[in-house]
Amino acid sequence: MIERKEIIEMLAIDNDQELEQLFAKAYQVKTENVGNKVFYRGIVEFSNICTKNCLYCGIRKDNKNVDRYEMTDDEIIEAAMWAHDSHYGSVVLQSGERSDAAFVNRINSLLKSIKKRSNGKLGITLSVGEQSKETFERWYEAGAHRYLLRIETSNKELYKKYHPENHSYDTRLQALRNLKKTGWQTGTGVLIGLPGQTVEHLADDILFFKDFDVDMIGMGPYIVHNDTPMKSYSDSVYPENNLNLALKMIAVARIVLEDINIASTTALQAINPTGRELGLRAGANIIMPVITDVKYRSNYLLYEGKPCLDENAVQCRSCLERRIATAGESVGYDQWGDSPHYYRKRQIRSHNR
Ligand code: 5AD
Ligand code: SF4
């Protein structure tokens, strides 16, 4: 077991040579445990309507400068089928958080339609926030099997600092526990580089992932959005530092957790055009190409500088393939690319479909 002290040391590395060694080590652990194939999850950002008010997020409820949208059922199913026809293997359905009955029922029927249309072949990940245990059970029954719910930070003080009073760390943690209990492949993650966040906090995040026994991680650099209350901290946020810290977090997560899936998130690319390739070199093995229709993309801005707002899904497909080849990897087309950890801990074989 790697000690907290060692984790802190790895996260604190600040010279190029040691950094290269860290990434090389993480890459080795990655290839030994999950191979060097990248798996895709085409992400459909189907609505930016959110009932929450996380202080860092551009689509928080109180941001009145956002045009709120909701894709139609047909548009969502069409996007999912495009991913299927393009051999992506999986999709992520993501939106702001809602838990009203109409929303819950709608997701339920969407899941069933997509499963039916793809003959059960398209893997579905959901990323639509905190829900009740019953809802998690219903959606799992309906055919989705992976869920992303970031803890955002495992430090209660920081959580409190960057969320309004009525957002609860304990409720979020309970939701994660309920997901796991229901059988979902459960993914979480944190924001990296929040003002006031230290390498000790981040080391504790890694230990949180380990202790919770997560199957997947999606995490990325914190990036300021100018229409949020956190704009006032802009002067203390250094994008390049946050990018480096995020790459180190990916590397350390790979070294410590070994056989889980780790996403190279779009936020990395918002800071550096080759950010996602760097993520793959640092130990990530999942990419979530945005397949949301271009007409909605500019309204789904959680942070400033989100890339590829004008590129449609077809353009993204060829651009990405080039980028992945540059990183020395290939794409695992037509596969779910599930977390090996999920199956290993249950000692069962992956059915892959
Ligand atoms: N910078 C980076 N990531 C952000 N998210 C929300 N706002 C920001 C931001 N300003 C992340 C949160 C959320 C995920 C969907 O997007 O971690 O869980
Ligand atoms: Fe809503 Fe998620 Fe943004 Fe929080 S981070 S305001 S829950 S979309």
All-but-one check, D14 against (1) of a type outside the set (A, V, I, L, M); (2) buried (at least 17 other Cβ atoms within 10 Å of the Cβ); (3) in contact with a helix residue (DSSP H, G or I) (Cβ under 9 Å, 6 or more places away or on another chain), failing number (2)
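Sort through I262, I271, I223, I287 and tell me the only one that's touching a helix residue (DSSP H, G or I) at 6+ places or on another chain (Cβ under 7 Å) and within 16 Å of ligand 2 (Cβ to nearest atom).
Exactly one of I262, I271, I223, I287 is touching a helix residue (DSSP H, G or I) at 6+ places or on another chain (Cβ under 7 Å) and within 16 Å of ligand 2 (Cβ to nearest atom), namely I223.
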Does any residue of region 82-92 turn out to be within 16 Å of ligand 1 (Cβ to nearest atom) and among the aliphatic types (A, V, I, L, M)? yes
State yes or no: is P229 out of contact with any Phe, Trp or Tyr (no Cβ under 8 Å at 6 or more places or on another chain), modelled with pLDDT of 95 or more, over 23 Å from T188 (Cα atoms) and of a type outside the set (D, E, K, R)? yes
Filtering region 156-173 down to residues that are under 19 Å from the mean Cα position of the chain (by Cα) and away from ligand 2 (no atom under 15 Å from the Cβ) yields L173
Just the residues that are free of Cβ contacts under 8 Å to residues at least 60 places away in the same chain and either within 16 Å of ligand 1 (Cβ to nearest atom) or surrounded by 21 or more Cβ atoms within 10 Å (Cβ to Cβ) (or both), please, taken from region 112-124. I114, L122, I124
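Rundown of residues vs (1) open to solvent by 20 Å² or more (accessible area, probe 1.4 Å); (2) not in a strand (DSSP E or B), yes/no style:
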residue	(1), (2)
Y147	no, no
N166	yes, yes
R172	no, yes
A175	no, yes
K181	yes, yes
T186	no, no
D204	yes, yes
L207	yes, yes
Inspect all residues belonging to region 344-353 and state whether any of them is of a type in the set (G, A, S) and without any contact (Cβ under 8 Å) to a residue 60 or more places away in the chain. yes
Are any residues in region 17-53 in a loop (DSSP other than H, G, I, E, B), surrounded by fewer than 18 Cβ atoms within 10 Å (Cβ to Cβ) and in contact with a Lys or Arg (Cβ under 9 Å, 6 or more places away or on another chain), and if so, which ones? N36, I49, T51, N53
Can you list residue pairs whose Cβ atoms sit under 7 Å apart, with the first residue in region 131-144 being under 13 Å from R98 (Cβ atoms) and the second being outside any loop (DSSP other than H, G, I, E, B) and not small (G, A, S)? Count only pairs 6 or more apart in sequence or on different chains. T135/V104
Would you confirm, using the coordinates I've provided, whether L173 is touching a helix residue (DSSP H, G or I) at 6+ places or on another chain (Cβ under 9 Å), among the hydrophobic types (A, V, I, L, M, F, W, C) and without any contact (Cβ under 8 Å) to a residue 24 or more places away in the chain? yes
Starting from region 242-267, take each residue that is farther than 20 Å from I13 by Cβ and list its partners that are basic (K, R), counting only C-beta distances under 7 angstrom and pairs at least six apart or across chains. D259/R344; T266/K306
Which condition does G129 not pass, out of (1) open to solvent by less than 30 Å² (accessible area, probe 1.4 Å); (2) more than 30 Å from L207 (Cα to Cα), if it passes all the others? (2)
Out of (1) within 16 Å of ligand 1 (Cβ to nearest atom); (2) closer than 16 Å to I76 by Cα; (3) among the polar types (S, T, N, Q); (4) touching a helix residue (DSSP H, G or I) at 6+ places or on another chain (Cβ under 6 Å), what's the single condition that is false for S127? (4)
The residue that is most open to solvent (accessible area, probe 1.4 Å), considering only those in region 288-324 that are among the hydroxyl-bearing types (S, T, Y) and modelled with pLDDT of 90 or more, is S298
When you look at T265, is it within 20 Å of A24 (Cα to Cα), open to solvent by 10 Å² or more (accessible area, probe 1.4 Å) and modelled with pLDDT of 95 or more, yes or no? yes
Which of the residues spanning region 61-105 are of a type in the set (G, A, S), surrounded by fewer than 17 Cβ atoms within 10 Å (Cβ to Cβ) and not in a helix (DSSP H, G or I)? S99
Which pairs do you get when a residue that is more than 14 Å from K25 (Cβ to Cβ), found in region 1-14, comes within reach of a residue that is acidic (D, E), reach meaning Cβ atoms under 8 angstrom, with the pair 6+ apart or on two chains? R4/D204; I8/E200
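The values are calculated or read from the model by the stated rules, or taken from the named source; none is laboratory data. Values in this document were obtained by computation on a predicted structure and should not be read as measured data. Please note: Cβ atoms are built from the backbone with ideal geometry, for glycine as well, and neighbour counts cover all protein chains shown. When the accessible area is computed, the model is the full protein with side chains, heavy atoms only, and any ligands, DNA or RNA have been set aside. Shrake-Rupley method; radii C 1.70, N 1.55, O 1.52, S 1.80 Å.
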